[in-house]
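Heads up, the thing below is written out as structure tokens.
The values are calculated or read from the model by the stated rules, or taken from the named source; none is laboratory data. The structure presented is a predicted model; accordingly, all values stated were derived computationally and were not measured. Calculation scope for accessible area: heavy atoms of the full protein, side chains included, ligands and nucleic acids excluded. Shrake-Rupley method; radii C 1.70, N 1.55, O 1.52, S 1.80 Å.
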Amino acid sequence: MVGALPDFLQRLRHRLAAADEGMADADLLERFLTRRDEAAFETLVGRHGSMVLAVCGRVLGDAHAAEDAFQATFLILARQARAIRKWTSLGSWLHGVAYRVSLKARRQALRRRQQERAAAAEGGPVLKDAQENWDDLRRVLDEELAALPARYRAPLILCYLEGRTRDEAAEELGWSAGSVKGRLERGRDLLRQRLLRRGL
């Protein structure tokens, strides 16, 4: 959907994998903050970029707007990394930032469109096609995921949005594999309940 950017992220991930493969997010953040190590920051972008871009794309539904929101998300990381309370939950933090940045951009785009329509004196309902309905469903999913407590949101994001195994998620979060398994199950149940309350 977004074109060449995912390929760029893959190339970047492979290039940096040799040097930073075994480093945890917290270690990479510390290197970036204490030494202004750009390679450490690039590794974080490569590691979490696909998930961030996917969130932006789902919320915005436009490739160019998603790329802008992607860049804004990592700019916020560069500027506010010291303010992150749990460096081990960086994926969860980035998901939240990407979601909020994208929502803001979507609201601004909607306002612009409404002003343009009003100026052109156009109106009437627009029927949504199946793709628009699916996009709406994914936006609701991101919204409900963002509303979950961090202890459930973090493993869901790592395992289901970033494709990590439970063992990889446990190592990243500093939890036992059993804790990750239990919180994934509880997180799925909570998410299911929230979606059911919204009629999905």
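Find how much the distance from A63 to T34 grows on full extension, using 0.36 nm per residue of separation minus their present alpha carbon separation; answer in nm with one decimal. All intermediate terms of the calculation are to be shown ahead of the outcome.
Values: separation 29, 0.36 × 29 = 10.44 nm, distance 3.41 nm.
Stretched out fully, the A63 to T34 stretch lengthens by 7.0 nm.
What accessible area per residue comes out for segment 154-200, rounded to a whole number of Å², with a 1.4 Å probe?
About 58 Å² of surface per residue is accessible.
Given segment 33-118, what whole percent of its Cα pairs are spread farther than 20 Å?
That fraction is 36 percent.
Extension gain R113-N133, at 0.36 nm per residue separation less the Cα-Cα distance, in nm?
5.3 nm
Translational D (Stokes-Einstein, µm²/s) of segment 129-200 at 10 °C and 1.306 mPa s when Rh comes from the Kirkwood sum over C-alpha pairs?
Result for D is 124 µm²/s.
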